[in-house]
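J.: Take this structure first; my questions come after.
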Amino acid sequence: MIRFEDVSVTYEGAAEPTVRGVDFEVPEGELVLLVGPSGVGKSTVLGAVSGLVPHFTGGTLRGRVTVAGRDTRTHKPRELADVVGTVGQDPLAHFVTDTVEDELAYGMESLGLAPDVMRRRVEETLDLLGLADLRDRPIATLSGGQRQRVAIGSVLTPHPRVLVLDEPTSALDPAAAEEVLAVLQRLVHDLGTTVLMAEHRLERVIQYADRVILLPAPGAAPLLGTPAEVMAVSPVYPPVVDLGRLAGWSPLPLTVRDARRRAGELRERLDGRKAPRPAPASAAAPEADVPAPRVPMSRAPVSRISAPRRFRRGRTPDTVPPGVAEVRSLAVRRAGVTALRQVDLGFAPGETVALMGRNGAGKSTLLNTLVGLVEPSAGSVLVGGAVPHRTAPHDLVRHVGLVPQEPADLLYADTVGAECAAADRDARAEPGTCRALVSGLLPGIGDDTHPRDLSEGQRLALALAVVLTARPPLLLLDEPTRGLDYAAKARLVTVLRGLAAEGHAIVLATHDVELAAELAHRVVLLAEGEVIADGPTADIVVSSPSFAPQITKILAPQQWLTTAQVREALA
Amino acid sequence: MRSRLPSREPSRCSGGRDGGGASQGRESVPASRHQRRPTLHPGAWWLWSLGLATAASRTTNPLVLALLVAASAYVVATCRSRTPWSRSYSAFFKLAFAVLLIRLVFAVALGSPVPGTHVIVTLPEVPLPHWAQGIRLGGRVTAESVVFALYDGLQLATLLICVGAANALASPARLLKSLPGALYEIGVAVVVALTFAPNLIADVQRLRAARRLRGRPDRGVRGLLQVGLPVLEGALERSVALAAAMDARGYGRSADVPARVRRTTTALTLGGLLGVCAGTYGLLTAEGGTYGLPVLLAGVGAALAGLRLGGRRTLRTRYRPDPWGPRAWLVAASGGAVAALLTLASATDSAALHPGVVPLTAPVLPLWPAAAVLLALLPALAAPKEPS
């Protein structure tokens, strides 16, 4: 169905081809996953299927790409529109009309299908993707998962034989991601659609793949094989594969279920060993005396009436570290919608807290309130003794720093050097402070590199350095792992652990359960603007089917969170 | 085209999380799913509001104008849908208010040719050089001049509000569906460009917020200027991404037409436009009274034929186009009737529709024109409502 014959793509101004020697064939009706570290050219390969590379992006494509027998050399993207449906990373950039139903019909209108055919297919697609209740809704009012389903639906109505998806689940919470993947699986099973998709979060998608194409390094030839074969050699792999490699299982298990069936022996070996609970750096106390900043969920569910005071067991008041931030009965209403209500939270130095919950649960609003971008409608927020929205920006940066969802928003300058100099001035820090931080986080990046030329992970590190220049005791990160591969994520984890050890309080809003398991001492679950659970990571995630990391599911009822813990315990 | 979606197997369609609930709902209320969206042809709304605007241009009576505004506001409040476009009505209201204020400020500051005897206040007059004769800054402000400016501004504001009503009731995207095929792609470009304005505003807000995170002041003009470049970059990137997505979805696919037809289309369209220009010129100048109208009509005819022929190049079909039914006729006719009746009234009873300023008189509400304006409320009954 899709055939690449010795394809290489060189963009204009680039010395080396972005991808080289790509040669594979995807048969009809298969779901094929394209994996590899950031920057190996996954998006380029996907773009070549729809003809956008090179017709739209420019550059030179050598070799031949054929889709359903049509050569992309002689067919422009619009002439492939009836056989290839493409959904990019950002569904919002994809929408042409403003209501769901019109969006589903748009592609068919362009192809000139008869009105009665269009009508039938729109109804069928609404049912297939579970969008019937949303048909008249303006697209702007939909949630992330709904938008992604509308985007898929909009390319599905012309009945393409090939579907190309770039990171369809990266921006979604675990439940919405499962929703989208269930739809894709149904398309493959029921309609025989060929699906080619790229995704960083392998733990979500690997079990659905029939085959995997691995791009191991920039410019290296791709490797094609069954998921188990490719995962055995891949530089990127989900936690379940990591555990499988650690335990020496062969063939490698790819799903939690497969791994559980093999894990009996491993569970026995681990029996009696205790999972090292991550504890905040400031708590040098023995493990039994882990400071519980809030009542753990298993003991008493946090309710609205729980006192906003910080509850500590077995600690005398004089040893209580001063909190870096206090949130008391906070409520935020924006445009008539209650974004947060009755939120009581405290953050201690050296503590890493993961804020989790659905898309739209209020995570970003809470972070924005802590940096004073949003004014509370009721209740109070104190960060280092200051009221964020009333504090002048140049004072506030010394108390709290936020790395936003788009780290590039923080970067203005043309070069890394100029960015660092500006950051030093903004924070009134010693000249060279930011540059030293950048060198620590991003070794080998020159002063004259343009921030735009950095990869996602590098840009995040630069933004982090800029924020850290003012040494804020409270550091907030909004979805830091979006678009990061496993290696970049591991580097981020190391950096953040180091910062927590230095005494920074870190709050992450994230959908990434593996990251939370790896990093957080404490998890706060939000739903519809309320805190529904707050306690040590192990207690919270173990009890939740959608927020439990893979290792926890595999080794339940024992409470292990990450492969690293297991590796340490076995050593 | 073969149908590959499993339409014969309705049980397949209930797998998704939402799908289950939706299919259950369908079984219990089978009729509600295939009911047409209650929409009216957007052209009808535009005709209606243009009729109201025409009526507004025929009178300066503040009571009649206020009645026109109230009628249009009532219809908008009852008939508008929940699309983002419908929120533009309040923006038009604010704009109209601003226009009214500006008109008043000009009348006060620059004086007015209306002779008046009731002096409200005398502003200090700025002496101007002799070449600026005829312009006055400051000086006497008379009640007559202010009232005249108020009537005048109110008329302009009413026109704006009528256009705003059309905008809120019929989204430009829906009007697009009624464009001839040859113009469709230009229309899409215009509508996409329009939707970029809200996105730009969102970008500016986000980037100003980001300035605060860097410890720079986020308010003031300087902050706005410094985010300008990143905002434009972002807008450019987004439009490129959208263009790629549209291309991949078949935007701009065209059918093969013989070269002869293509050439005829170009000739007809260009010739038609030239004819329209020449005809209009002829109509407006004194000498061209004889040839003006025929040339204009011929030009319009040629241009329409060109558009029709050009439509052959596009493959596009329309999904659920809005039909022009009896309700659309009613709505358009109510606007037309208001325009016609007020034009008639202004011709027969000019005094009631143009209350005098010198000497100052209190305006009275003329009975028959007011009754005619109430006809504009007909769409509130005739137009289909959005389900709430």
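The values are calculated or read from the model by the stated rules, or taken from the named source; none is laboratory data. No experiment lies behind these values; they were computed from the predicted model shown. Reconstructed Cβ throughout: ideal geometry from the backbone, glycine too, with neighbour counts over all protein chains shown. Each accessible area value is taken on the protein alone, full model and side chains, heavy atoms only, with ligands, DNA and RNA left out. Shrake-Rupley method; radii C 1.70, N 1.55, O 1.52, S 1.80 Å.
J.: So A:K553 clears everything in (1) farther than 30 Å from A:N368 by Cβ; (2) at pLDDT below 90 except one condition, right? Which one?
T.: The single condition A:K553 does not satisfy is (2).
J.: While we're on this one: Just need a number here: residues in the stretch A:406-421 that are surrounded by fewer than 23 Cβ atoms within 10 Å (Cβ to Cβ), aliphatic (A, V, I, L, M) and either under 15 Å from B:R208 (Cα atoms) or free of Cβ contacts under 8 Å to residues at least 24 places away in the same chain (or both).
T.: Counting residues in the stretch A:406-421 that are surrounded by fewer than 23 Cβ atoms within 10 Å (Cβ to Cβ), aliphatic (A, V, I, L, M) and either under 15 Å from B:R208 (Cα atoms) or free of Cβ contacts under 8 Å to residues at least 24 places away in the same chain (or both) gives 3.
J.: How many residues, within the stretch B:237-255, are under 28 Å from the mean Cα position of the chain (by Cα) and more than 7 Å from chain A (Cβ to nearest Cβ)?
T.: Qualifying residue count, the stretch B:237-255: 3.
J.: Scan the stretch A:414-433 residue by residue and report those that are within 30 Å of the chain's Cα centre (by Cα), of a type outside the set (D, E) and within 11 Å of chain B (Cβ to nearest Cβ).
T.: A:A422, A:A423, A:A427, listed by residue number.
J.: Can you tell me how many residues in the stretch B:114-131 are assigned to a helix (DSSP H, G or I) and either in contact (Cβ under 8 Å) with a residue 60 or more places away in the chain or open to solvent by less than 40 Å² (accessible area, probe 1.4 Å) (or both)? Lay out the reasoning, then the answer.
T.: Our first condition is that a residue be assigned to a helix (DSSP H, G or I); within the stretch B:114-131, this holds for B:130-131.
Still in the running and either in contact (Cβ under 8 Å) with a residue 60 or more places away in the chain or open to solvent by less than 40 Å² (accessible area, probe 1.4 Å) (or both): none.
The qualifying residues number 0.
J.: Against the condition within 12 Å of chain B (Cβ to nearest Cβ), aliphatic (A, V, I, L, M) and over 25 Å from A:V541 (Cβ atoms), how does A:L402 come out, does it pass?
T.: Details: within 12 Å of chain B (Cβ to nearest Cβ): yes; aliphatic (A, V, I, L, M): yes; over 25 Å from A:V541 (Cβ atoms): no.
Criteria not met by A:L402.
J.: Which condition breaks for A:P451 when tested against (1) surrounded by fewer than 18 Cβ atoms within 10 Å (Cβ to Cβ); (2) more than 9 Å from every other protein chain (Cβ to nearest Cβ); (3) in contact with a Lys or Arg (Cβ under 9 Å, 6 or more places away or on another chain)?
T.: Unmet for A:P451, out of (1) surrounded by fewer than 18 Cβ atoms within 10 Å (Cβ to Cβ); (2) more than 9 Å from every other protein chain (Cβ to nearest Cβ); (3) in contact with a Lys or Arg (Cβ under 9 Å, 6 or more places away or on another chain): (1).
J.: If B:V240 meets every condition in (1) closer than 24 Å to A:E103 by Cα; (2) surrounded by 16 or more Cβ atoms within 10 Å (Cβ to Cβ) apart from one, which number is that one?
T.: Every condition holds for B:V240 apart from (2).
J.: When you go through (1) open to solvent by 40 Å² or more (accessible area, probe 1.4 Å); (2) under 20 Å from the mean Cα position of the chain (by Cα); (3) away from chain A (no Cβ under 12 Å) one by one for B:R174, which number turns out not to apply?
T.: Checking B:R174 against (1) open to solvent by 40 Å² or more (accessible area, probe 1.4 Å); (2) under 20 Å from the mean Cα position of the chain (by Cα); (3) away from chain A (no Cβ under 12 Å), the one that fails is (3).
J.: Taking the stretch B:177-216, which residues are within 9 Å of another protein chain (Cβ to nearest Cβ), open to solvent by less than 30 Å² (accessible area, probe 1.4 Å) and free of Cβ contacts under 8 Å to residues at least 40 places away in the same chain?
T.: Listed by number, the residues that qualify are B:V191, B:L207, B:A209, B:A210, B:R211, B:R212, B:L213, B:R214, B:G215.
J.: Within the stretch A:69-109, can you find the residues that are over 34 Å from the mean Cα position of the chain (by Cα) and either within 7 Å of chain B (Cβ to nearest Cβ) or open to solvent by less than 30 Å² (accessible area, probe 1.4 Å) (or both)?
T.: Within the stretch A:69-109, the subset over 34 Å from the mean Cα position of the chain (by Cα) is A:69-71, A:73-75, A:109.
A:D71, A:E109 - these are the residues of the stretch A:69-109 that are over 34 Å from the mean Cα position of the chain (by Cα) and either within 7 Å of chain B (Cβ to nearest Cβ) or open to solvent by less than 30 Å² (accessible area, probe 1.4 Å) (or both).
J.: A further question follows. Which condition number does A:L224 fail, the rest of (1) at pLDDT 90 or above; (2) open to solvent by less than 10 Å² (accessible area, probe 1.4 Å); (3) not hydroxyl-bearing (S, T, Y) being met?
T.: (2)
J.: Among what's in the stretch A:520-557 and is open to solvent by less than 10 Å² (accessible area, probe 1.4 Å) and part of a helix (DSSP H, G or I), pick the residue that is nearest to A:A275 (Cα to Cα).
T.: A:A538
J.: With the condition kept exactly as written, say whether any residue in the stretch A:204-219 is touching a Phe, Trp or Tyr at 6+ places or on another chain (Cβ under 8 Å) and buried (at least 23 other Cβ atoms within 10 Å of the Cβ).
T.: Our first condition is that a residue be touching a Phe, Trp or Tyr at 6+ places or on another chain (Cβ under 8 Å); within the stretch A:204-219, this holds for A:213.
Okay, now just the ones that are also buried (at least 23 other Cβ atoms within 10 Å of the Cβ), so A:213.
Yes, because at least one residue in the stretch A:204-219 is touching a Phe, Trp or Tyr at 6+ places or on another chain (Cβ under 8 Å) and buried (at least 23 other Cβ atoms within 10 Å of the Cβ).
J.: Quick one: which helices (runs of 4 or more DSSP H) sit completely within the stretch B:319-388 and have at least 2 residues that are within 20 Å of the chain's Cα centre (by Cα)?
T.: Numbers: elements: B:326-348, B:350-353, B:367-374, B:378-382.
Result: B:326-348, B:378-382.
J.: Hey, among B:G111, B:G134, which residue is over 20 Å from B:L63 (Cα atoms) and surrounded by 12 or more Cβ atoms within 10 Å (Cβ to Cβ)? Please lay out each step first, then the result.
T.: Details: B:G134 fails: surrounded by 12 or more Cβ atoms within 10 Å (Cβ to Cβ).
Within the list B:G111, B:G134, the selection yields B:G111.
J.: In addition: In a loop (DSSP other than H, G, I, E, B), touching a residue at least 40 places away in the same chain (Cβ under 8 Å), open to solvent by 20 Å² or more (accessible area, probe 1.4 Å) and facing chain B (nearest Cβ under 8 Å): is that true of A:D136 in this structure? Step through it out loud before you land on a result.
T.: Details: in a loop (DSSP other than H, G, I, E, B): yes; touching a residue at least 40 places away in the same chain (Cβ under 8 Å): no; open to solvent by 20 Å² or more (accessible area, probe 1.4 Å): yes; facing chain B (nearest Cβ under 8 Å): yes.
No; evaluated as a whole, the condition is false for this residue.
J.: Would you tally the residues in the stretch A:327-350 being at pLDDT below 90, more than 14 Å from A:E530 (Cβ to Cβ) and open to solvent by less than 70 Å² (accessible area, probe 1.4 Å)?
T.: Going through the stretch A:327-350 one residue at a time, the tally reaches 1.
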